[in-house]
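The values are calculated or read from the model by the stated rules, or taken from the named source; none is laboratory data. Since we're looking at a predicted model, the values are computed, not measured. No Cβ is skipped: glycine too gets one built from the backbone with ideal geometry, and neighbour counts run over all protein chains shown.
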Amino acid sequence: MKRPKMAKSQQREPGSSPNVRFEGTVHATRSIKGKDWANSLDVDRVPDSKGRIKAILSIDDCVRLLEEGFELRLHRAQKIGPLDRSLIVTDKAFKKWIDGQLSGMKDKPMPEPFAETRDT
Amino acid sequence: MYRTVSQLESVMGILAAFFPDLCSRVELPNRSIQGRPIYALRMRAGGGGARRGVLLVGGMHARELMNPDAIVELMLDLALSYLNETGRSYGGASWSALDVKIMLETLDIWILPCANPDGREFVMQQVGGDRMWRQNRRDNPGTPCDGVDLNRNSDFVWGVTGPATSCNPCSSTRSYLGPTPFSEPESKNIEYLCDTHNIKVFADVHSFSEFVLYPWGHAPTQTTDSTKVFTGLATGTCAPLTPAGYKEYMTPRDFSRYRTVSQRVADRIRQVRGRNYVLKSVFEVYNGTTTGSCSDYVYSRHIANASRNKTYGFAFETGPNTGDNLLSFQPTDPEPIKRDAKAGLLALIQQSICAIDFIGTSLFGLSVQSIRTIRDRMLANTEAGRGWIDLFERVQFPLLGIVLSDRTLTKEAATLVRRVKTLATQHKKAIVSKEDVERGIAFLNELAKRTTDKKVKIDISTVSRFLKGSGGQDVEKVIAKLGKSKPAPNKK
C-alpha cells in the first residue's frame, strides 16, 4: 500500500476518533533512518509469526506513523467496545457447571495420605 | 466463553468451603486500584510443615481472558482427581492418580488466577468497556489516560524503556510502567506472595503465540560473562537500556534448568493435541527490551538479595497466533487452548518437585543444603555434571511415587539422603565406602524392579554402573568423575 499524501494532522481531542481501531503491520520507508526504529514506535505491539512489526493501531496512531514516514499495511478493522455478551458465561450457566462438577463431592472423605506425609 | 471476576472468585470460595482440608482461600493484603478484593488459593494435601511452593498467576493483562479460567479449572480438576483417586487427562496428555497425589502431598500449589480484576471487569463491562484493555484501571493524574501495565511495574530494571515498555501514561504501547516500582497494588500482591511463602517456581500465564518463556526480558541472555549483572545497570532512566549491546548473565546451571523444564512443558502440551509451543527468552518475543516483568522479577530476587530463595520464573503465552488478534486474545472456543495450558501448568508443577528436598527436609527435618551446594557449585559447573543433574531431575518424579508408596523404601531413602548429606558435608575427607555403594545399589535395584518405565530403568542402570566404580574413593574424586563423564544419553 502506498503512503497517502496527508496534511499535518491536528492534535485530536481524546475520544474524538471514530469508534474503530486497526490491526496492521508497520514498515520503514527510505525516509526512516537507523536500525532501531521498531523499538521506538509507540504502538500496541502484538506478536507476529512472520517476525513483522504488528500492532493494534488507533486512528491517531495511523496518522502519526504516516506523518513520521512509515508505511502501514492494515489487515482488518475492529470496532472498539466490550467483549461480546455472548462470550461471557451467565451466572445460570456458571451455577449449572459448578454444580455438575461438584455433584456428590460435598462429603467426600479425604484419601489416606502417604504414611510419611500424615500429620502426627 | 469466559467467566466473570465474581465467578472466578466463586470457584475459589467453593473449593475452600467444600474441601477445607485441601484448599485455603486467602484475601491478599492489597485490594485493586478500584477497591476490589483480590484472592489467592492454596492447595495442599497431607500434613507436614515447610514445603516448596509453586505460584501460578493469570489475568495480569485484562484482555488475555482464557488463562484465569484455565487456572481455576486446573485447581478444580486437581481437587476432584485427588479426592476421587483418579488420574487426569487433557487430550493425549495424562497423569495418573499417583502423580496427582504426589503433587498435592509434596507441594504447596498457589494460584492468583485473576491478578487484575478491575481490568477484566472493564473488558466485559457492557457500557463503555473495551475488550482490548490490557492494564489495570489506575487514573493517572494530570493525564486523560488510565492504566498501568502490571507486567512492567515490578522492581526489576524498572524505568528502562523498550518497544513494549513506556514511561508515558498515554503511550499507545499500553505498557506504561507506572510512577514507581510496585506502585500498583495488584503487582505488589505478587511481591507479597514471594516474600511470605516458599515459592520455588512461578508461572505468569499470558496470551498469545504459543511460547514458553524464561528470563531475561531486558536484554539477551548469556552464560559466559558473570560480570554482566543487572544490579549494575542504570534504572528509572526512561530511556533505552545502556550500555548498548548489553547481555545479561545467567548461570549455565539455571539456563540448562530453564531450557530442560521448558522443553518438558512444551512436550506435555504437544501430547494434548499436537500444538508446538516454542521456547524463548522474554527478550526474544519482540527482540527488544522488556523491563519490570513479573517472571524476571521473581527470578532476579535471589540475585539482588542473596538472603532470598531462588525462584524460577516462567511465562507462558497460550494460544496460537491466528493472524487476527481479537480471535487470538479471545477465541470463540477457548476450550482446546485451556486444555493445552492446563497440561503445561501441570507439567510445570510436576517439575517443581525435588525428591531429595522433600524426603530430607519435609519428611525427616534434615537440612539438605550441603547436597544442594555440591550440586550448584561443583556439578553444575560442567556440561557432564549438568547431565547428571538432568538425569536425576528426569527420574525423580516417577521414582518418588514408588518410594512414598512403601514406608520401608521411604525410610531407606531417608537413610541414604542422610548418608549423602554427611558425605557432602565432609566431602574433602570422606570416603564412599563399599557398604555405601552396596546399599545404594540395593536401593536402586529395588526401584528398578518396581518401575515399568523402560527409560527410567535405563537411567537407574546408568547410575548403578557409576556407583559400582565409586567404592573406596573419596567424595571429591567421585564428584570430579561425575563432572567429567556425562551419563550416556537415554534415547530409548
Worksheet entry | Subset tally (residues that are among the β-branched types (V, I, T) and under 20 Å from B:V123 (Cβ atoms)) for the stretch A:44-88 | 4
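Would you kindly identify the helices (runs of 4 or more DSSP H) lying entirely within the stretch B:225-310 that contain at least 2 residues that are surrounded by fewer than 16 Cβ atoms within 10 Å (Cβ to Cβ) and either basic (K, R) or touching a strand residue (DSSP E or B) at 6+ places or on another chain (Cβ under 8 Å) (or both)?
B:252-273
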Fill in: Within the stretch B:242-263, tally of residues that are under 24 Å from B:Y176 (Cβ atoms), of a type outside the set (F, W, Y) and modelled with pLDDT of 95 or more
1
Fill in: Members of the stretch B:431-465 that are hydrophobic (A, V, I, L, M, F, W, C) and closer than 17 Å to B:E393 by Cβ
B:L444, B:L447, B:V456, B:I458, B:I460, B:V463
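Kindly indicate which of A:I53, A:I88 is of a type in the set (A, V, I, L, M) and at the interface with another protein chain (Cβ under 7 Å from one of its Cβ atoms). Lay out the reasoning, then the answer.
Values: A:I53 fails: at the interface with another protein chain (Cβ under 7 Å from one of its Cβ atoms).
That would be A:I88, the only listed residue that is of a type in the set (A, V, I, L, M) and at the interface with another protein chain (Cβ under 7 Å from one of its Cβ atoms).
Hand me the list of helices (runs of 4 or more DSSP H) wholly inside the stretch B:64-168 holding 1 or more residues that are buried (at least 19 other Cβ atoms within 10 Å of the Cβ) and under 18 Å from the mean Cα position of the chain (by Cα). Give the steps one after another, and end with the answer.
Working: elements: B:66-84, B:97-106, B:117-124.
It comes to B:66-84, B:97-106.
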Fill in: Single unsatisfied condition, B:Y214 versus (1) modelled with pLDDT of 95 or more; (2) surrounded by fewer than 18 Cβ atoms within 10 Å (Cβ to Cβ); (3) out of contact with any Gly (no Cβ under 7 Å at 6 or more places or on another chain); (4) among the hydroxyl-bearing types (S, T, Y)
(2)
Worksheet entry | Members of the stretch B:171-183 that are modelled with pLDDT of 95 or more and out of contact with any helix residue (DSSP H, G or I) (no Cβ under 6 Å at 6 or more places or on another chain) | B:Y176, B:G178, B:P179, B:T180, B:P181, B:S183
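Answer with yes or no whether B:S461 is over 19 Å from B:I371 (Cα atoms), of a type in the set (G, A, S), more than 27 Å from the chain's Cα centre (by Cα) and at pLDDT 90 or above. Show your work before the answer.
Numbers: over 19 Å from B:I371 (Cα atoms): yes; of a type in the set (G, A, S): yes; more than 27 Å from the chain's Cα centre (by Cα): yes; at pLDDT 90 or above: yes.
Here the answer is yes, as B:S461 does meet what is asked.
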Worksheet item: For the stretch B:350-363, does any single residue satisfy the condition of being assigned to a loop (DSSP other than H, G, I, E, B), within 13 Å of another protein chain (Cβ to nearest Cβ) and more than 22 Å from the chain's Cα centre (by Cα)?
Response: no
Worksheet item: What are the residues in the stretch B:15-42 that are closer than 18 Å to B:D108 by Cα, out of contact with any Leu (no Cβ under 8 Å at 6 or more places or on another chain) and either more than 14 Å from chain A (Cβ to nearest Cβ) or of a type in the set (V, I, T) (or both), if any?
Response: B:E27, B:R42
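For the stretch B:38-63, give me the residue count where each residue is assigned to a loop (DSSP other than H, G, I, E, B) and either among the charged types (D, E, K, R) or farther than 14 Å from B:T4 by Cα (or both). Give the steps one after another, and end with the answer.
Of the stretch B:38-63, the ones assigned to a loop (DSSP other than H, G, I, E, B) are B:38, B:44-51, B:59-63.
Applying the additional criterion that residues be either among the charged types (D, E, K, R) or farther than 14 Å from B:T4 by Cα (or both) yields B:44-51, B:60-61, B:63.
Of the residues in that region, 11 qualify.
Condition (residue is touching a Ser or Thr at 6+ places or on another chain (Cβ under 8 Å) and within 14 Å of chain A (Cβ to nearest Cβ)) applied to the stretch B:240-251: is it met by at least one residue? Don't jump to the end; show me each part of the working.
Quick first cut of the stretch B:240-251, residues touching a Ser or Thr at 6+ places or on another chain (Cβ under 8 Å) only: B:240-241, B:247-251.
Narrowing further to those that are within 14 Å of chain A (Cβ to nearest Cβ): B:240-241.
Yes.
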Practice prompt. Can you tell me which residue within the stretch B:58-109, out of those that are out of contact with any Lys or Arg (no Cβ under 6 Å at 6 or more places or on another chain) and among the hydroxyl-bearing types (S, T, Y), is nearest to B:L400 (Cα to Cα)?
Written response: B:T106
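Can you go through B:T451, B:T415 and tell me which one is under 27 Å from B:S362 (Cα atoms) and more than 28 Å from the chain's Cα centre (by Cα)?
Details: B:T451 fails: more than 28 Å from the chain's Cα centre (by Cα).
The conditions single out B:T415.
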Fill in: Which listed residue is assigned by TED's automatic domain parsing to the domain that holds B:D324, touching a Phe, Trp or Tyr at 6+ places or on another chain (Cβ under 6 Å) and among the aliphatic types (A, V, I, L, M), from B:A234, B:A219
B:A219
Fill in: Set B:M60, B:M75, B:M124, B:M66: member being within 9 Å of chain A (Cβ to nearest Cβ), at pLDDT 95 or above and within 30 Å of B:F182 (Cβ to Cβ)
B:M124
Worksheet entry | Residue selected from the stretch B:396-415 under the condition more than 13 Å from B:A448 (Cα to Cα) and among the aliphatic types (A, V, I, L, M), by the criterion nearest to the other protein chains (Cβ to nearest Cβ) | B:L404
Practice prompt. Would you mind stating whether A:P109 is in a loop (DSSP other than H, G, I, E, B) and at pLDDT below 85?
Written response: no
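Would you tally the residues in the stretch B:242-273 being more than 19 Å from B:P215 (Cβ to Cβ) and of a type in the set (A, V, I, L, M, F, W, C)? It would help to see each step written out before you state the result.
Going through the stretch B:242-273, the residues more than 19 Å from B:P215 (Cβ to Cβ) turn out to be B:242-244, B:267-273.
Checking the rest, the ones that are also of a type in the set (A, V, I, L, M, F, W, C) come to B:244, B:269, B:272.
Total satisfying the criteria: 3.
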Worksheet item: Out of all the residues in the stretch A:71-102, which are part of a loop (DSSP other than H, G, I, E, B) and either in contact (Cβ under 8 Å) with a residue 60 or more places away in the chain or in contact with a Ser or Thr (Cβ under 6 Å, 6 or more places away or on another chain) (or both)?
Response: A:I80, A:G81
Worksheet entry | Conditions (1) outside any loop (DSSP other than H, G, I, E, B); (2) within 14 Å of another protein chain (Cβ to nearest Cβ); (3) closer than 30 Å to B:R407 by Cβ: number failed by B:L366 | (1)
Item to complete: Filter the stretch B:43-57 down to residues that are surrounded by 24 or more Cβ atoms within 10 Å (Cβ to Cβ), within 14 Å of another protein chain (Cβ to nearest Cβ) and more than 16 Å from B:I102 (Cβ to Cβ), then give me how many there are.
Response: 0
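Does A:L66 qualify as being among the aliphatic types (A, V, I, L, M), under 22 Å from B:T322 (Cβ atoms) and either more than 8 Å from every other protein chain (Cβ to nearest Cβ) or in contact with a Lys or Arg (Cβ under 7 Å, 6 or more places away or on another chain) (or both)?
Details: among the aliphatic types (A, V, I, L, M): yes; under 22 Å from B:T322 (Cβ atoms): no; either more than 8 Å from every other protein chain (Cβ to nearest Cβ) or in contact with a Lys or Arg (Cβ under 7 Å, 6 or more places away or on another chain) (or both): yes.
No; evaluated as a whole, the condition is false for this residue.
Here are B:T322, B:T332, B:T382, B:T311: which of them is over 18 Å from B:V205 (Cα atoms) and away from chain A (no Cβ under 14 Å)?
Values: B:T322 fails: away from chain A (no Cβ under 14 Å); B:T332 fails: away from chain A (no Cβ under 14 Å); B:T311 fails: over 18 Å from B:V205 (Cα atoms).
So the residue among B:T322, B:T332, B:T382, B:T311 that is over 18 Å from B:V205 (Cα atoms) and away from chain A (no Cβ under 14 Å) is B:T382.
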Worksheet item: What's the number of the condition B:S171 fails, among (1) more than 28 Å from B:R42 (Cβ to Cβ); (2) within 14 Å of chain A (Cβ to nearest Cβ); (3) in contact with a strand residue (DSSP E or B) (Cβ under 8 Å, 6 or more places away or on another chain)?
Response: (3)
